[in-house]
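Down below is the structure, laid out as structure tokens.
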Amino acid sequence: MAHTAYYGDEAPVAALATDGSRGALDIIRVSGKGSLELFAPCFSRGEKLLTAPGNVLLHGWIRDSGGALLDEVMLSVFRSPRSYTGEDALDISCHGGGRAARSILERLRELGFRDALRGEFTFRAFMHGKLDLTRCEAVMELVSSKTELSLKKAAGRLSGLLYTEIKEIKDLLIEVLTGAELLLDYSEEDGVAPPSGTGGTEDVLPGRKAAGAAVLRLAALAASYARERLCQEGALLVIAGRPNAGKSSLFNYLLGEERSSVTETPGTTRDWIEAWVSIGGIPVRLADTAGFQDSQDRIERQGIERSRALVARSGLTLYLVDGSRGMEEADREFIRELKGMAHNGEAVRNEIAPNGGAAPAVLVVWNKIDKAKLPDAMKAEMTGISAKTGEGMAELEKAIIAALVPESDCGDLTRPAPGIAAERQKLLVDRSLASLKEALALADAGGPLDLVAPLLRDSVDALGEISGEVSTADILDAMFSRFCVGK
Ligand SMILES: Nc1nc2c(ncn2[C@@H]2O[C@H](COP(=O)(O)OP(=O)(O)OP(=O)(O)O)[C@@H](O)[C@H]2O)c(=O)[nH]1
Ligand SMILES: [Mg+2]
């Protein structure tokens, strides 16, 4: 069911907000006009609830329709407009494990509560002006954060970092637009062109400087997308190399546990395995693969083929050289092949790879420096590590981050800066920037204001869509249907 079918609907809804499986507590959320009155009959202290002010806790029991006790609960009582949704609402904390929660939900249905749609609570918060769309999106980001850095980025957007930036840029543009429209009115009334003074674009377009500043800030937002996406979605990092190079050892080291089998027998890893790790806060899907070699063994060959396929989808591949054997011709061939794969355009990009479709990079790493030093002549083209002792790992981590993060953003991943992480936001920032640039180019070339003004208006409108001041049913439906139930 589309959310927008419920535009203005404040009917009482209920949903389980926790996962309802294991855990000490479950929470059922209830919201809507008259929801406290509708709930009161099943609550042991119904009278107390009906007269309770907002923002209080009430302890009591929930009974089934026959009067039998279902569970002992704690109610967080909210009164409109001081709640997440802006409506009268309850958070019912009941015993965990799911059974109590399901029975309570069933009881709520009997009383007339409708099951909340995915994201309906947040949708209502938006409809009641409690959250703008960038904050709604941040809610979704926050619950799916993979690392502490992702979490902090999402929390920044939830606190309004992006909203404020958009608003400030929009205010700049509105000033320019208002000036342009005033001039237009003037010229229409008098039937003459507005005074052009001694030249200079400032006369043609009032606030031209402010508009220039807006261009820079919009461009910075557009550029932040690759970085912010990387922090939210992460990247696929594949460890490749010849048998026995130490791929599984490195995988285990980065993971911090002995997940992949390590032996001195070449060909130990037959098929790739993967795990999520955090590298400098970036969520990384790390894959250990079967060693590259010409093999007659059918099973081994299949494993090697799958390794290759994985490399083609990676954001970054670490090619491990077995330092105790040195860089051999076979290594050079495989590296050439991997790089070629990346550059011949055949690579199928993984949706979570960074840099929006650029070729997957290959980082060559010399392993086992505890046994064999990285020759000076090769220091320029590779980093040296020991997967056994951990030597060189800090440098490797730096090299990985540098390869994953767009150049201009290196080093300041953790600095709280306004950024965009949703594709919807990126498209609108691009539109706003394109219209603004077109408007300014036209104004600078002495173009007529009645052509400049609509472009400025479109630039402002695109920003309004980001926060949701301007929104359509389609946008809202597409967005909130991706939420989970209870959010
Ligand atoms: N001295 C030393 N030995 C290492 C290092 N890394 C791995 N080894 C050893 O090298 C051998 C192979 O390590 P693995 O991690 O299994 O290598 P692999 O690349 O996964 O090998 P396959 O799965 O067979 O392709 C093991 O005996 C490891 O203990 C290192 O940095 N220094
Ligand atoms: Mg292995």
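The values are calculated or read from the model by the stated rules, or taken from the named source; none is laboratory data. Being a predicted model, the structure only gives us computed values, none of them experimental. For neighbour counting, all protein chains shown are included, and Cβ atoms are generated from backbone atoms with ideal geometry for every residue, glycine included. Quick note on the areas: whole protein, heavy atoms, side chains included, nothing else; ligands and nucleic acids left out. Shrake-Rupley method; radii C 1.70, N 1.55, O 1.52, S 1.80 Å.
Structure above, values below:
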{"read-out": "Pick from segment 257-271, criterion open to solvent by 70 Å² or more (accessible area, probe 1.4 Å) and of a type outside the set (Ser, Thr, Tyr), ranking: farthest from ASP370 (Cα to Cα)", "value": "ARG270"}
{"read-out": "Single residue of ALA219, ALA290, ALA223, ALA235 found to be of a type in the set (A, V, I, L, M, F, W, C) and more than 24 Å from the chain's Cα centre (by Cα)", "value": "ALA290"}
{"read-out": "Count of segment 302-332 residues which are modelled with pLDDT of 90 or more, surrounded by fewer than 23 Cβ atoms within 10 Å (Cβ to Cβ) and among the charged types (D, E, K, R)", "value": "5"}
{"read-out": "Residue list for segment 57-84, filter: open to solvent by less than 50 Å² (accessible area, probe 1.4 Å) and within 16 Å of ILE27 (Cα to Cα)", "value": "LEU58, GLY60, ILE62, ASP71, VAL73, LEU75, SER76, VAL77, SER83"}
{"read-out": "Pair list, Cβ under 7 Å, 6 or more apart: segment 255-271 residue at pLDDT 85 or above, other residue more than 9 Å from ligand 2 (Cβ to nearest atom) and among the polar types (S, T, N, Q)", "value": "GLU258/ASN252; ARG259/ASN252; SER260/ASN252; VAL262/ASN252"}
{"read-out": "Matching residues, segment 261-279, being under 21 Å from ASP297 (Cα atoms) and touching a Ser or Thr at 6+ places or on another chain (Cβ under 9 Å)", "value": "SER261, VAL262, THR263, GLY267, THR268, THR269, ASP271, TRP272, ILE273"}
{"read-out": "Subset of segment 234-243 that is crowded, with 21+ Cβ neighbours inside 10 Å and either within 12 Å of ligand 1 (Cβ to nearest atom) or not β-branched (Val, Ile, Thr) (or both) - its residue that is farthest from GLY326 (Cα to Cα)", "value": "GLY234"}
{"read-out": "Odd one out for ARG349, checked against (1) at pLDDT 90 or above; (2) basic (Lys, Arg); (3) assigned to a loop (DSSP other than H, G, I, E, B); (4) under 20 Å from ILE273 (Cα atoms)", "value": "(1)"}
{"read-out": "Residue check, LEU182 modelled with pLDDT of 95 or more, farther than 30 Å from THR18 by Cβ and surrounded by fewer than 16 Cβ atoms within 10 Å (Cβ to Cβ)", "value": "no"}
{"read-out": "Residue within segment 25-48 that is basic (Lys, Arg) and under 27 Å from the mean Cα position of the chain (by Cα) present", "value": "yes"}
{"read-out": "Spans of strands (runs of 3 or more DSSP E) in segment 33-111 with at least 1 residues within 21 Å of THR122 (Cβ to Cβ) and without any contact (Cβ under 8 Å) to a residue 24 or more places away in the chain", "value": "69-78"}
{"read-out": "Test: residue in segment 285-296 that is among the β-branched types (Val, Ile, Thr), closer than 27 Å to ALA402 by Cα and away from ligand 2 (no atom under 13 Å from the Cβ)", "value": "no"}
{"read-out": "Flag for GLU228 being modelled with pLDDT under 95 and surrounded by fewer than 21 Cβ atoms within 10 Å (Cβ to Cβ)", "value": "no"}
{"read-out": "Lone qualifier among LEU455, LEU374, LEU396 - being open to solvent by 10 Å² or more (accessible area, probe 1.4 Å), assigned by TED's automatic domain parsing to the domain that holds ARG285 and over 20 Å from MET140 (Cβ atoms)", "value": "LEU374"}
{"read-out": "Yes/no for GLY446 being at positive phi, open to solvent by less than 10 Å² (accessible area, probe 1.4 Å) and touching a residue at least 24 places away in the same chain (Cβ under 8 Å)", "value": "no"}
{"read-out": "From THR164, THR134, residue being closer than 18 Å to ASP461 by Cα, open to solvent by 10 Å² or more (accessible area, probe 1.4 Å) and not charged (D, E, K, R)", "value": "THR164"}
{"read-out": "Which numbered condition ARG114 fails, given (1) open to solvent by 10 Å² or more (accessible area, probe 1.4 Å); (2) touching a Leu at 6+ places or on another chain (Cβ under 7 Å); (3) closer than 23 Å to MET479 by Cα", "value": "(2)"}
{"read-out": "Matching entry among ALA342, ALA275 (being more than 11 Å from ligand 1 (Cβ to nearest atom), out of contact with any Asp or Glu (no Cβ under 6 Å at 6 or more places or on another chain) and at pLDDT 85 or above)", "value": "ALA275"}
{"read-out": "Pair list, Cβ < 7 Å and 6+ apart or interchain, from segment 307-326 residues that are without any contact (Cβ under 8 Å) to a residue 12 or more places away in the chain to residues that are among the hydrophobic types (A, V, I, L, M, F, W, C)", "value": "none"}
{"read-out": "Within segment 401-433, considering residues that are assigned to a helix (DSSP H, G or I) and closer than 14 Å to CYS231 by Cβ, the one modelled with the lowest pLDDT", "value": "ASP409"}
